[in-house]
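Peer 1: My structure is below; once you've seen it, I'll send some questions.
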Ligand SMILES: Nc1ncnc2c1ncn2[C@@H]1O[C@H](COP(=O)(O)OP(=O)(O)OP(=O)(O)O)[C@@H](O)[C@H]1O
Ligand SMILES: [Mg+2]
């Protein structure tokens, strides 16, 4: 009878062992067992998936290959756990996978005690990459929404104002033009009328920007060659660049293929806006380098404008695309807000990187084919 009991106990223990093994092996978290020196004793399938190393590669090697920072924390943790009689701890950390990828993880470190002291640790590890990506996407979507809301509120106000101002302005401009053309005027009076005329012209430009911003007309999408649209934008800004001793360097190849579906007029004005912003940032001359290329899978067209200008402070970088944000004398601050909207309308994106004092790079990304 005693014999049978023993057999049954052994049998049950074997079942328990297999049960434990299978639970560990198929866990949705990585489970790594280590001794006090960080030598790996257990390595499950999920650990294999997350870190890219097989069980054979990892058993009997050091866990510090994955978590170099753990080395310092290890003994500290052991002490802490002993003193406070805590058996587990949570750690947010970064692991290193076989292909060198940094993996954000949340780790629960559990002390396994025996004979009154810590003998081993179990590390239960959850990959946070996806979670962090979702949180970031959510944050981005939220800030885009806020930006859109702001744009539409400002847009309505702007449209109303622009409409009201256009008539009186056009009357002022015609009157100034009339006086200039009809009368032999004294030099100072003539100059004053010219000032009035020039400034109403500027005001008209602001108004047409406002209207474009508030109530953009329909987009007309057609297949175009991006290099020729860039060429035209450069040629239209040629005089301005030359007068300010600015050299334009083209890095893109002529007749860049494939063609891309865009609203040519608007895309040209996007490029001119970006070039003029760069010009304004280079008061003492400099270089604008323009590049355009398709990414590896030919899914996106990347266009970059790099200047050697004053750059943009970190604080201002966050406000760049806000309507009416401007540090330029005479600027309305609508340029980049319109640019961003045009790019969004093309299902693309735009971003800015800058080093104050050294220059700025604006990167426009456009999908190669409109879906
Ligand atoms: N390449 C650049 N280098 C440095 N600062 C820049 C650059 N591009 C934009 N900025 C900053 O962003 C601000 C906003 O640019 P945006 O084009 O929207 O308006 P603006 O050029 O001031 O006026 P406008 O409406 O006439 O274009 C600029 O005033 C400037 O401070
Ligand atoms: Mg501008």
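The values are calculated or read from the model by the stated rules, or taken from the named source; none is laboratory data. The structure displayed is predicted, hence computed values, not measured ones. Glycine gets a Cβ as well: all are built from the backbone with ideal geometry, and neighbour counts include every protein chain shown.
Peer 1: Hey, can you tell me all the residues within the stretch 262-307 that are in a loop (DSSP other than H, G, I, E, B) and within 16 Å of ligand 2 (Cβ to nearest atom)?
Peer 2: Residues satisfying the conditions are 282, 283.
Peer 1: Please pick out the residue among 20, 37, 44 that is touching a helix residue (DSSP H, G or I) at 6+ places or on another chain (Cβ under 8 Å) and within 23 Å of residue 119 (Cβ to Cβ).
Peer 2: On inspection, the qualifying residue turns out to be 44.
Peer 1: Let me confirm something: among 188, 194, 232, which residue is surrounded by fewer than 16 Cβ atoms within 10 Å (Cβ to Cβ), under 40 Å from the mean Cα position of the chain (by Cα) and modelled with pLDDT of 90 or more?
Peer 2: That would be 232, the only listed residue that is surrounded by fewer than 16 Cβ atoms within 10 Å (Cβ to Cβ), under 40 Å from the mean Cα position of the chain (by Cα) and modelled with pLDDT of 90 or more.
Peer 1: Looking only at residues that are at positive phi and either within 12 Å of ligand 2 (Cβ to nearest atom) or free of Cβ contacts under 8 Å to residues at least 12 places away in the same chain (or both) in the stretch 308-361, which one is surrounded by the most Cβ atoms within 10 Å (Cβ to Cβ)?
Peer 2: 333
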